[in-house]
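Remarks on the structure that follows.
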Amino acid sequence: HTHTHTHTHTHTRSRGDVQGATVEDDIGRGVFETISLFREQVVGRSLFGVQRRSNLTQAGTFKGVVRVRDPDRPHQTDAIDKVWRELSTPREYVVRLYILSGSAIAPKDTAHGSLSSCDPYIVAKLGGHVVNDRPRARLRTLKPAFFTCYEFVTTLPGASMLEVSVWDKDLIPPADDLVGTTTIDLEERVFSPKWRKYGLPTLDDDAPAAARLEGDVSEYSEAFDKAAGKAAGKAAMWYGKKPIEKRPLWHPASCNPQGYLTCWVDVMSPLQRQFWPRVPISPPTFEWQLRVVVWKAAEIPEGDTVTRQSDLFVRVSMDDG
């Protein structure tokens, strides 16, 4: 008989999710146009001197804002103009990556002749900053409970691609196997009006001043810079709780997800960081009782050749994992 009780966790209270998907699926197309750039690769010449070329290979990515303006309205402004003003003024941001757990992790370790387990750990990269959490690998599990937070500082526009990978730990690091990677474009979030409004109060007359700024991060920072410690500055410190998302892990050798990470990402100004400490997260705790009942045994081989009897006892053990 097993009895289980799960405690409620404050880090998920009033924090929405995106229904088992990613934030990109929810906010839709961002403000940027992202276009892959390709080139042909010369692989040699034929016997008659004619160049032979391979298929197109990706050489890079163009990322920018493309606009079509009405020539009769040269001074027309819209939401993109506000974004463009922000893009022309790089700002420092604090990025916090909260990883709760993994699920359906592809097995990399062999047991009893087949792949059945994994020792997953996290490697997170943003620009030149790399966090390798190999010492805290979770052992023998395809459903790892990570419950950890990684913090980065970056400048946007700038290094915006947050790359999160899950690796399988082996005896020595060179033998570790990549499970899969998920990549988050922070610029697509910071400059997205919908992402900025996640978790903010309802826009009504009683809402704080920051809520009426409609989630504009730059206005938050400017308001606080001008009125630090005053009512307007305190209102500017409002930061909406970002939703929890379930991100697929991709491997170059497969077109199918190699598992999923449940996580959320906060991006805030350094001044907001002072008012919003890291959210304490911890794995779920369980109270349980396990009872093993041995009713009888049959067809036990004789243990004593003299008495032709056996003195039986039962020993039960359980893996800590």
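Details
- The largest accessible area among Met318, Met268 belongs to the first residue in Met318, Met268, and the rest follow in falling order (1.4 Å probe, all chains).
- Over all other residues within a Cβ to Cβ distance under 11 Å of Trp276, the charged ones net out to +3, with Lys and Arg as +1 and Asp and Glu as -1.
- Environment charge at Thr155 (Cβ cut-off 13 Å; Lys +1, Arg +1, Asp -1, Glu -1): -2
- Remark: segment 174-187, residue by residue, has Karplus-estimated 3J(HN,Hα) of x, 8, 5, 10, 6, 7, x, 9, 10, 10, 10, 8, 5, 5 Hz, where x stands for each Gly or Pro and the curve is 6.51 cos²θ - 1.76 cosθ + 1.60 at θ = phi - 60°.
- Surface analysis of segment 266-321 yields an accessible area of 95 Å² per residue, using protein heavy atoms and a 1.4 Å probe.
- Annotation: peptides 85-91, 247-253, ranked by per-residue average of other Cβ atoms within 10 Å with the highest first, follow the order 247-253, 85-91.
- For segment 123-137, backbone phi angles converted through the Karplus equation (6.51, -1.76, 1.60; θ = phi - 60°) give residue-by-residue couplings of 10, 10, 10, 9, x, x, 9, 10, 10, 10, 9, 4, x, 10, 4 Hz, Gly and Pro being listed as x.
- Surrounding net charge for Asp25, when Lys and Arg each add one and Asp and Glu each subtract one, Cβ distance under 14 Å: -1
- The share of accessible area on segment 254-313 that comes from carbon and sulfur is 56 percent, using a 1.4 angstrom probe.
- Burial ranking of peptide ranges 24-36, 148-160 (average Cβ count within 10 Å, highest at the top): 148-160, 24-36
- Sorting 136-144, 95-103 by their mean Cβ neighbour count within 10 Å, with the most densely packed peptide first, gives 95-103, 136-144.
The values are calculated or read from the model by the stated rules, or taken from the named source; none is laboratory data. Since this is a predicted model, take the numbers as computed values, not measurements. Note that each Cβ is placed from the backbone with ideal geometry, even for glycine, and that neighbours are counted across all protein chains shown. Surface areas here come from the heavy atoms of the whole protein model, side chains and all, with no ligands, DNA or RNA. Shrake-Rupley method; radii C 1.70, N 1.55, O 1.52, S 1.80 Å.
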